[in-house]
Every structure is written in structure tokens, then in C-alpha cells.
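Student: I'd like to ask some things about the structure below.
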Amino acid sequence: MATAVPAEFTHAARRRVWSPVPVAAALAVTAAAASLGLALAAGSPDPVQVFLMEWVAVPYVTAGVIAWWRRPASRLGPLMVAGGLASAFSGWQLAASAGPYTFGAAFDIVPAALFLHVCLAFPDGRLRSRFEGVLVGVAYTSAVGLQLVKLALGGVDSANLVDVWRQPDLVAMVEDVQLLSLSACCLVGLGVLARRRRTLGLPRRRSIAFVIDSFAIALVMIAALFVMAAFDVPGFREVQRVTLLVVGLSPIAFLLGLLDARLARSAVGDLIVELGNEPGPQDLRDALAHALRDPSLTLAYWLPNFQTYVDVNGRPVRLPDDDTRTATLIDRDGEHVAALVHDPALDDEHQLLEGVGAAAGMSLENARLQAELRARVEELRGSRARVIDAGQKERQLLERDLHDGAQQRLIALSLRLSLLKKRLPYEPEVRQELDAARSEIALSLGELRDVARGIHPAVLSGHGLTVAVESLAAHAPLPVRLVICVEDRLSERVEVAAYYVVSESLANVAKHAHASEARVSLERRGDYLVVEIVDDGDGGADTERGSGLRGLADRVEALGGRLRVWTPLGGGTRVQAEIPCA
Amino acid sequence: MRVAIAEDSVLLREGLARLLGESGFEVVAQVEDAEELLLKVRSYRPDVAIVDIRLPPTHNDEGLRAALEIREKHPSVAVLVLSQYVELGLALKLLADSAEGVGYLLKDRISDVGEFLAAVTRVANGGSALDPIIVSTLLSRQRADDPLARLTPREREVLELMASGSSNQGIADRLVITLRAVEKYVSSIFGKLGLPSTGNESRRVLAVLTFLRS
């Protein structure tokens, strides 16, 4: 997880490592110039060969110096400078005198090993695994160690200074081992690169893929070249020239990549302009995604009171804890504000992330406050729904108690009285008393039924909204046309809310509207249940007092829905509830 | 006449069994849940099953579902559903295909012993019994251009009894008029409401119900 680093630290770091860069650059230029001078002094017959030596050395040193300067913390810069330097030194073997020749010949193969190292260490200068370390180690041993052995055994062409035991046959054998082992190292390195390229994140800049491709081509060419050399395949010289040409191209691709990153940083400037327009939370995300060139960017705002991250809508989110996403934390005035959740490819763009984070700090703080507000609203809505749910549960239990208890007992009692009456000898007075008691019970049962039904419509939980609304329509004192386009059962709270909307509205129609007809429709529209009750009555209903509409609105709004009423004077009344039921 | 009773309240179940037993019915099964009812119906084939609409375990619609299943699997067994509340939606569900051998009554009706026993007998014999509340609720609605308004008070009474499932003889007994007079009223009612006349009393119930509902 990357944390925004205060700017003064990076400046300090940059000052500290300034010094070796010009020294390295000067050294490399000197070495290259020397190789050129030595070759010319020796009257080298092949100017193309001389040119190609410099063609590799100069771009590597240049790219290395720039990389060293731009990203002092990365070891890639020094590594590239070393590669250029080694290449320049290897040019010294074109010299006529034994001293420079021996020195140059010792570096003959080293650039290949350094190049493999650069390939694998790109882009942050570190090798990623022990395996890569071993691979590079083998390459260095082969390039340096076996080269020295070769020289000690008398070398290949000319005489050298460390020639202690001349053994031409042995030299040829050692050289074969050296070339083939390096060729194998390059091919394995190629495999590593191919795997890495496949796992590149989506917004990983084209330039990085481009650099890796150029590395890969060069590695193939080097591997092929060494095999050709080992088996004395004709055409070696031509392939060698093309290979050097290609190897010299990859630092150019690398420089283009740096330029690309630099362009990305200029996006921070655009971002500041865009943020000046005070974008909304969604536009803010888009602007940041644009500046970071990561369309998958998401923002997570930190709410200290809730001890959680939330999204734009105030809903809790978790920061990623795997490798597929990275979170960069943004602080402002010492307080944590938000996290940018982005592609891991942006990890090696610390400066860009810092720049974007710093530029967007205030806007993020604003958006965080909005998200906090939404989270509170969400919490409130949740607690309102819970209160209504709890009330509903209570009502359901109460109705169940009445149904299973008092109502059953009264019916059984009434039945017992009837049986008693049947057995009784003909005694009109007693029978009359019994009948009176029974009608008392019947009255109580009727009242109890109305109460229980008002508390909770049992038919709703048992048989669903459609049957319950059919019953409501049947009990209504005026004709009700039903249009029900709901097939499945919905969640209980949705059904209950819809039921109360219909029952309350029909009761209002019966009481106040003087209507001759009403229409009730239930319809699924996307993720919403739309309940509509229309009458042809007087209209002009009082939506605030007495009508129970406020309570209905509470119920519907607690579920995240909306209740609307149109009631023009003389134009009937239309009540519409939209209840989310996804 | 053989009866099965499914009712989870012990008081009521025993009371029902006693009432039916004393009135000459043979109670072949007394059960407290739907599963057991279906089992007993399969083995004893009663003439009629009296089913509480709310049965364990959830007390939601187990009873109604059992009733519908009996209707489907054992057409020879009539079903009389008892309910604490009268829900038109449920009555219509129960009577979806035919009203033959189907009843839907409020539990309160049990204590009106004579009426209740008559309803049980009627349903067991393939007739219908629909709670008067359903009928009166449907009749009490105001309608624009109401054909019911053209009925005489006597015709209205006959319509109510007819819709509850009473036979012509039953209506005649109840209103203390001749069978012949009932038949005259019935054909007059069907004429005024524009319904095709039918001799079958259960089909008559369905036709009237459909008319009242519309």
C-alpha cells in the first residue's frame, strides 16, 4: 500500500543522489570517446562496427542518466549507465595495443549480461524473485568469469596481456559453453518477460509494454547470435549488426516511456483546472480517473465516526486486500480523507499519485463530507425501516395471539352453548337466554375480527398481495377495478407497505371522495413495485391531516420509495407509490 | 356420512367432533395439521373434509393448500373450509374451477348449529356453501348503471340465498314460499342480470359470483 510521501522528502532524496550522475555520465562519454579514438587510431577496417559500438553505448548512458535523475530511488538508471559503459569498454578491443585490447576483450560479452539484467529489472530496477537473481548471476559468471578464463588460455584472435597458458582447443570449448549458457539465460529471461507482460494491469501504459517488447526482440536476437557464433553459422556478422541495432533501440523506447509519464504528470495541471469548477462527486472520480489514466479508479472516503470507508453513495466499502487492486491513501492536514483504489500498475508512479492526491485534497474533503451525509441518511433510513419492521412483527404476533387465543375460545364457547341448547329439554326462557349469550359472543367475535384485521391482515402473509388486495377491493363500498400485474410474492415489507397504501387509499376514497368508481393497479416497473389508486371523486383531498397519507409516506419512504398524490379540485384523486423491490 | 376434521385448536376440534357425532355424522379422522389430513383423506375417503384455513406449522395457508390438493387428487371428497376472516380472494381461489362440493364459511357459523349442519350436508352431497358475508359484501357495492337495482326486494333475498349455495328447496323453506315461486324468482333474476340460466345449483353459484365480482 503506497502512502503519499511529503514533497520535501523527495527533494532531499533527489539532492543527495545528484552527485554520482554527472560523474557516471562523464565517465561513460570518456569511455565511448576513447573506444572511438582507439579504433580509429588502430585503423579499424570496419567503420560500421565502430559506429554500432557507440550506437549501443550512447543511448544506454543517456537513458540511464535521465532515469537516474528522474527516479533517484530506482536502480535502473545506474544499471543502464553500467550497460552503456560496459559497451563502450568492449569497444576498446578494436585497439591495436595489447593493454586496451585486453581490457576491452574482458568486457566483450559483459554488455549482454547487463542487458539481460536491465530487461529483468525494468521498470523499478529490482529483480522480482530469487530465480531472476540466479539467472542474472549465471549470466554474469558466464560473461565475466569464462571470458577471463578464455583470455588466460590465450584468447581468440590477438595476443593479450593475461595469456598464461595458450590452449586454442580449450578456448574454443570454453567459448561454446559461454555462448550457449548466455543464449539459454536470454531465452529464459524472454520467458520471464512474456509472463510479466501478460500480467500487466489494464491501464499499464502502452509505453511499458512497448519497452518490454523491444527488450524481448533484442533478447531473441542475442540468443540467436550466440548460438550462431557457437556453431559457426555463416551470416554471423550481419546478424550481429542487426542485433546491436535492435539493442540500441530499447533505450529509446524507454525514454519515450519516461516522456509518457511526464505527460501524465502534466495531467495534474489539467486536473487542478477541472477541480476549479467544483465538480460533483461523480465528476470528481471521472476527473481523477482521467488524470491517472485509470478508468477503473474508484474512490473510498474515510468516515472516522463510522470507522469505515464508504463509496460516493455513503455505502460501506472495503479496501482491496489482494494484488489485483491497490489503495493509495490521501491525507489532508494530518487527517485521513480518502483512498484512491486503482490498478497496481500505477504503483510505480508515486509522483503522479502524490500530485493528483495533493491537487484533489480539498475536493476529496468536500466529497467525503457529502458521502458522510449520505451515510447518515442511509443509516437513518435503515433505522426507520427497522422501526417499522419491528412494529409490523409486533402486530403480526398480536394478531396471531388473538386468532389462536381469544377468537378460537369464543367460537368454541359459542359452540358449547349451542350443544347445551340442543340437549336441553324444551324450556323457552333458558333457550332464549342461551341465544342471547350466543349473539353476544357473535358480536364480540365480529368486533374482535375487525380489530385483529386492522392490526395485521393475516391473508397478506399467508396468501400474498394479490389475494389480499382482491379482498380489499371486494370489501370496498364502491366498485373497484383491479389491474394486477405482479406474478411472484414480494418481500414481506414491500407487500405490507403496498397493502397499507391500497387499504388506506380505498378507505379515504370511501370516506371523503364521493366517487362512483376506483381503480387499483399493481405493477412491476423494473426494480420498483408501482401501486396506484385512482378515483373519479371530488379531488382536492387534504394530504396533510387526517387522511393517514403522512403515515403511508413514512412507510414507503422507509423502504427507499416515494409516495405521490395528485388531487386537483373536482378532478379525482390519484395516489401513487413506487416501492423498490429488487 | 363420513367426515374428517382438520383444526389445530383442541377446544374447537373436539366441539366440532361432538356436534357432528351427535348429529349422526361419522367422524373418521380428527387431525391438527395438513399433512396428517392428506394422509387420513387418502386412507379413509370421507365424504367431506372440514378444514381450518390456518394450520400449523406456519399458520399461513397450509389449510387452503391442503383443501386445493384434496380437490385435485380426490374429487369425490368434498371440502368445507373454515376461516376466522372471510377473504373474497381466497373464496375465488377455492372456487376457481367449480363450486361443486366446495364450501367456504366463517368459523362463527359453526355455532348456528342447524345452518352449519345443513351446509356440511349440502357440500358433502356435491353442493356449495358460501358465507353470507361474501355475498352481502358483493351485493352492497354501489354500481354505475346497476342491474341489481332492477331487482325487487324479494328477488334480492333469493339472489343472496342462491349465491350462498342454497338449493331451490332450501330457499323455499327459508323464505316460506313454494318451490314453484322460487323457480319463478330465479329465472326472473337471471333474466334481469342477463345471465344464462342453468339448472345446476353449484354452477349457478359460480355464475352469480362472477357477475357480482365484475
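Student: Could you work out how far the C-alpha centroid of segment A:294-356 sits from that of segment B:38-115, in angstrom?
Tutor: The two parts, judged by their Cα centres, are 62 Å apart.
Student: Once Lys and Arg get +1 and Asp and Glu get -1 on their Cβ, which of A:LEU424, A:VAL480, A:ALA442 lies farthest toward the positive end of the dipole of segment A:415-491?
Tutor: Most positive-ward Cα: A:LEU424.
Student: With a cut-off of 8 Å between alpha carbons and a minimum separation of six or more residues, what is the relative contact order of chain A in percent?
Tutor: On the way: 865 pairs, mean separation 47.8, N = 582.
Relative contact order of chain A: 8 percent.
Student: Pick out, from A:LEU259, A:THR298, A:GLY314, the residue whose Cα sits farthest towards the positive end of the charge dipole of segment A:253-376, with +1 on the Cβ of Lys and Arg and -1 on the Cβ of Asp and Glu.
Tutor: A:GLY314
Student: Return the calculated 222 nm mean residue ellipticity for the protein assembly as shown, to the nearest 500 deg cm²/dmol, obtained by summing -39500 (n - 2.57) across DSSP H runs with n ≥ 4 and dividing by the residue count. Please list the in-between numbers first.
Tutor: Values: 28 runs with 470 residues, N = 796.
Helices in the protein assembly as shown give a 222 nm mean residue ellipticity of -20000 deg cm²/dmol.
Student: Could I ask something else about it? Are there residues in segment B:1-31 whose accessible area shrinks by at least 50 Å² when all protein chains are included rather than the chain by itself, and which are they (probe 1.4 Å, ligands and nucleic acids not counted)?
Tutor: Residues of segment B:1-31 that lose at least 50 Å² of accessible area once the other chains are added: B:LEU11, B:LEU12, B:ARG18, B:GLU22.
Student: Residues of segment A:460-474 that become at least 40 Å² less accessible with every protein chain present than in their own chain isolated, using 1.4 Å: which are they?
Tutor: Correct list: A:GLY462, A:HIS463, A:VAL467, A:GLU470, A:ALA474.
Student: Cα convex hull of segment B:53-142: mean projected area in nm², to one decimal?
Tutor: Values: hull surface 24.7 nm².
Quarter of the Cα hull surface area: 6.2 nm².
Student: Normalised by the residues of chain B, what does the relative contact order come to in percent, with Cα pairs under 8 Å and at least six apart? Mind dumping the intermediate values first?
Tutor: Values: 332 pairs, mean separation 30.7, N = 214.
Over chain B, the number comes to 14 percent.
Student: For segment B:53-85, list whatever residues lose no less than 30 Å² of accessible surface once every protein chain is in place, relative to that chain by itself, with the probe at 1.4 Å.
Tutor: B:ARG54, B:HIS59, B:ASN60, B:ASP61, B:GLN84, B:TYR85
Student: Ignoring ligands, DNA and RNA, what accessible area per residue does the protein assembly as shown give at 1.4 Å, in Å²? Could you put the intermediate results ahead of the total?
Tutor: On the way: 37220 Å² over 796 residues.
For the protein assembly as shown, the solvent-accessible area averages 47 Å² per residue.
Student: Shifting gears a bit: Checking the a/c ratio against 1.5 first, then a/b against b/c, what shape does the Cα gyration tensor give for segment B:1-77? Please report the intermediate quantities before stating the final value.
Tutor: Details: a/c = 2.16, a/b = 1.14, b/c = 1.90.
It is oblate, given that a/c is not under 1.5 and a/b is not larger than b/c.
Student: Where q = 0.08, 0.09, 0.14, 0.18 Å⁻¹, what log10 of I(q)/I(0) comes from the Debye formula for chain B, counting one point per Cα?
Tutor: -0.28, -0.35, -0.81, -1.23
Student: If you take the charge dipole of the protein assembly as shown about its Cα centre, with +1 on Lys and Arg Cβ and -1 on Asp and Glu Cβ, which of B:LEU20, A:LEU52, B:VAL81 is farthest toward its positive end?
Tutor: Going by the charge dipole, the pick is A:LEU52.
Student: Looking at chain A, which longest stretch skips every one of the chymotrypsin sites (Phe, Trp or Tyr not before Pro) that is in a DSSP loop with at most 15 other Cβ atoms within 10 Å, leaving the sites themselves out?
Tutor: A:427-582
Student: Still on this model: B:HIS59's amide H: which non-local residues (gap 5+, or another chain) put their own amide H closer than 5 Å, with H modeled 1.01 Å from N in plane and none for Pro or chain starts?
Tutor: none
Student: According to a simple spin-label model (label point 7 Å from Cα along Cα-to-Cβ), what is the distance in nm between A:LEU27 and A:LEU249?
Tutor: 3.1
Student: Under a cut-off of 14 Å between alpha-carbon atoms, report the aspartates and glutamates in cross-link reach of B:LYS192, not counting same-chain residues fewer than 8 places apart.
Tutor: B:ASP145, B:ASP146, B:GLU155
Student: Quick one: accessible surface of B:LYS192, probe radius 1.4 Å, all protein chains present, in square angstrom to the nearest 10.
Tutor: Per-residue accessible area (B:LYS192): approximately 70 Å².
Student: Could you pull the Cα extents of chain A along its three principal axes, largest to smallest, in whole Å?
Tutor: Extents along the principal axes, in whole Å: 147, 56, 40.
Student: Might you report the magnitude of the Cβ-based charge dipole of the protein assembly as shown about its Cα centre, with Lys and Arg at +1 and Asp and Glu at -1, to the nearest 20 debye? The partial results should precede the final answer.
Tutor: On the way: 85 positive and 97 negative charges, 76 e Å.
Charge dipole of the protein assembly as shown: 360 debye, to the nearest 20.
Student: What distance in nm lies between label points placed 7 Å from Cα along the C-beta direction at A:SER296 and B:LEU139?
Tutor: Using points 7 Å along Cα→Cβ, the separation is 7.3 nm.
Student: What does the charge add up to near B:ARG42, with Lys and Arg as +1, Asp and Glu as -1, over the other residues with Cβ less than 12 Å from its Cβ? Don't skip to the end; give the middle numbers.
Tutor: Numbers: positive: B:LYS40, B:ARG45, B:LYS73; negative: B:GLU35, B:GLU36, B:GLU69.
It works out to a net charge of 0.
Student: Follow-up. Which angle from 0 to 90°, rounded to the nearest 10, does the C-alpha axis of helix A:7-16 make with the longest principal axis of chain A?
Tutor: Between helix and principal axis, roughly 10 degrees.
Student: Moving to a separate point now. Along each principal axis of its Cα atoms, how long is segment A:378-464 end to end? Whole angstroms, biggest number first, please.
Tutor: 71, 18, 18
Student: For the B and A pair, go ahead and give the buried accessible area with a 1.4 Å probe, both sides summed, in Å² to 100.
Tutor: On the way: alone 10550 and 30130 Å², together 37220 Å².
Interface area, both chains combined: 3500 Å², rounded to the nearest 100.
Student: Tell me, what HN-Hα J-couplings in whole Hz come from the Karplus equation 6.51 cos²θ - 1.76 cosθ + 1.60 at θ = phi - 60° for each residue of segment A:477-489, using x for Gly and Pro?
Tutor: Computed from phi, the couplings for segment A:477-489 are x, 9, x, 10, 8, 9, 10, 10, 10, 10, 8, 8, 6 Hz.
Student: How would you classify segment B:83-129 from its alpha-carbon gyration tensor, with a ≥ b ≥ c the square roots of the eigenvalues: rounded for a/c under 1.5, else prolate if a/b is greater than b/c, otherwise oblate?
Tutor: Oblate.
Student: Here's a follow-up. Once you wrap a convex hull around the alpha carbon atoms of segment A:247-402, what is its projected area averaged over all directions, in nm²? Walk me through the intermediate numbers first.
Tutor: Values: hull surface 51.6 nm².
Mean projected area for segment A:247-402: 12.9 nm², to one decimal.
Student: Turning to a different aspect of this structure: What pairs in B:LYS73/B:LYS93; A:LYS421/B:LYS107; A:LYS393/B:LYS40; A:LYS422/B:LYS107; A:LYS511/B:LYS93; B:LYS73/B:LYS184 have C-alpha atoms more than 27 Å from each other? All intermediate terms of the calculation are to be shown ahead of the outcome.
Tutor: Working: B:LYS73/B:LYS93 17 Å; A:LYS421/B:LYS107 19 Å; A:LYS393/B:LYS40 35 Å; A:LYS422/B:LYS107 19 Å; A:LYS511/B:LYS93 29 Å; B:LYS73/B:LYS184 38 Å.
Over 27 Å apart, Cα to Cα: A:LYS393/B:LYS40; A:LYS511/B:LYS93; B:LYS73/B:LYS184.
Student: What does the charge dipole of segment A:422-495 about its Cα centre add up to, to the nearest 20 debye, if the Cβ of each Lys and Arg holds +1 and the Cβ of each Asp and Glu holds -1?
Tutor: The dipole magnitude comes to about 120 debye.
Student: Excluding A:GLU492 itself, what net charge comes from residues whose Cβ is under 11 Å from its Cβ, given Lys and Arg +1 and Asp and Glu -1? Show your work: numbers first, answer last.
Tutor: On the way: positive: A:LYS393, A:ARG489, A:ARG493; negative: A:ASP389, A:GLU495.
With Lys, Arg at +1 and Asp, Glu at -1, the neighbours total +1.
Student: Using Cα pairs under 8 angstrom and six or more residues apart, how large is the relative contact order of segment A:45-131, in percent?
Tutor: Numbers: 111 pairs, mean separation 22.7, N = 87.
Rounded, it is 26 percent for segment A:45-131.
Student: Further question: Suppose every K and R has +1 on its Cβ and every D and E has -1 on its Cβ; what is the size of the dipole of segment B:88-174 about the Cα centre, in Debye to the nearest 20? Spell out each step's value before the answer.
Tutor: Numbers: 10 positive and 12 negative charges, 23 e Å.
Roughly 120 debye, rounded to the nearest 20.
Student: On the accessible surface of the protein assembly as shown, probed at 1.4 Å, how many percent belong to carbon and sulfur atoms? Before the final figure, lay out each step's value.
Tutor: On the way: 21510 of 37220 Å².
Reported share for carbon and sulfur atoms: 58 percent.
Student: To test your reading of the geometry: what angle, between 0 and 90 degrees and rounded to tens, separates the Cα axis of helix B:153-163 from the longest principal axis of chain B?
Tutor: Tilt of helix B:153-163: around 30 degrees.
Student: Here is a further query. Using Cα atoms only, what is the angle between the long axis of helix A:206-230 and the major principal axis of chain A, expressed in degrees (0 to 90) to the nearest 10?
Tutor: Approximately 40 degrees, to the nearest 10.
The values are calculated or read from the model by the stated rules, or taken from the named source; none is laboratory data. Quick caveat: nothing in here was measured; it's all calculated off a predicted structure. With ideal geometry, Cβ positions are generated from the backbone for all residues, glycine too; neighbour counts draw on all protein chains shown. For accessibility, only protein heavy atoms count, side chains too; no ligands or nucleic acids. Shrake-Rupley method; radii C 1.70, N 1.55, O 1.52, S 1.80 Å.
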